[in-house]
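The next block holds one structure in the form of structure tokens; read it before the comments.
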Amino acid sequence: MVKGLGIDITSIERITQLVERYDREALTFLFTAEEINRAQTANHPHLFYTVCFASKEAVGKAFGTGLVGIGWQEIEAIIPENCELREIGKNCNDKVYLDQVLDGFKWEQSGHKLAIRLYGEASIRAKQRGVKEWLATWCHWNEHVLVHVLAQ
Amino acid sequence: MDTLRAMDALKGILIDLGIPAESLDPDTLLYKDLQLDSTEIVEVSLGLKRRLGVNVKLETQQDRTLAQVCEMVKTSLSTSSQQVS
């Protein structure tokens with residue numbers, strides 16, 4: 001049974017500006033240590049951070065409350081390494097991502113899976129709502145990231 | 001930490017985000033008046049952390065005025081200093 005649905009679109013440029021403006025210590029307000037560590041070794045760190053940020057927003061929307069009462073670090077996005085940030089148009093395992101130009105936009109047809117891990121109040125809230133599983137995908141479109149989460 | 005210092009820091013952050021200084025009053029609401037989006041709200045929190053060393057989360061059910069945010073800053077600092085002592 002679906003317990004919640006959340007979608008978020010975030011500009012990569014805006015998160016890039018934010019990440020470049022603040023040091024690691026400040027960024028721990030937003031991101032978990034694991035997210036920061038993985039971002040720093042990712043092929044495209046700013047895209048990685050944007051996926052993480054949009055995931056937190058999407059989970060908040062799925063709760064129906066936003067991030068009220070929930071710390072940003074209590075929601076963690078886990079992006080599988082094998083599908084992580086490879087260039088648009090390249091193969092990812094056995095999937096082929098088509099690179100199309102439509103009305104001046106470049107976009108990917110397929111979404112990428114990601115996992116959601118909750119801590120603290122976010123975890124408690126999910127349990128209170130009977131959420132047993134999070135299904136999440138993300139895609140990169142026109143210099144934006146879209147994350148879609150389903151709580152069930 | 002006095003309210004004036006917190007307000008100066010907060011206004012500085014908002015001006016850096018491109019908000020005109022003349023639109024910033026103690027009664028100005030973050031969402032309704034300034035129409036800050038979620039990324040900008042985060043930038044305000046990060047700015048407060050950098051300038052004043054406080055962790056203030058601004059995602060709340062009710063809209064907040066600049067004065068109320070300054071009170072949150074003062075409360076956060078007061079709580080931190082009590083924990084240290």
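Roughly how crowded by other chains is peptide B:56-62, in terms of the mean Cβ count from those chains within 10 Å of each of its Cβ atoms?
Taking the mean over all residues of the peptide, I get 4.
Strictly over 24 Å apart at the Cα level, which of B:K11/B:K57; A:K3/B:K32; A:K56/B:K74; A:K3/B:K49; A:K3/B:K57 would you flag in this model?
A:K3/B:K32; A:K56/B:K74; A:K3/B:K49; A:K3/B:K57
Averaging sequence separations of C-alpha pairs under 8 Å and six or more residues apart, then dividing by the length of chain B, give the relative contact order as a whole percent.
RCO, chain B: 39 percent.
Find the sum over both chains of the accessible area lost when A and B are paired, probe 1.4 Å, and report it in Å² to the nearest 100.
Buried: approximately 1600 Å² between B and A.
Taking a ≥ b ≥ c as the square roots of the eigenvalues of the Cα gyration tensor of region A:1-86, is the shape rounded (a/c under 1.5), prolate (a/b larger than b/c) or oblate?
Prolate, since a/c reaches 1.5 and a/b exceeds b/c.
If each residue of separation counts as 0.36 nm, what is the full-extension length gain between A:E25 and A:M1 once their alpha-carbon separation is subtracted?
So the chain would gain 4.7 nm between A:E25 and A:M1.
The values are calculated or read from the model by the stated rules, or taken from the named source; none is laboratory data. The model shown is predicted, which means the values in this text are computed figures rather than measured ones. Heads up, the Cβs are rebuilt from the backbone with ideal geometry, glycines too, and the neighbour counts pull from every protein chain shown. Quick note on the areas: whole protein, heavy atoms, side chains included, nothing else; ligands and nucleic acids left out. Shrake-Rupley method; radii C 1.70, N 1.55, O 1.52, S 1.80 Å.
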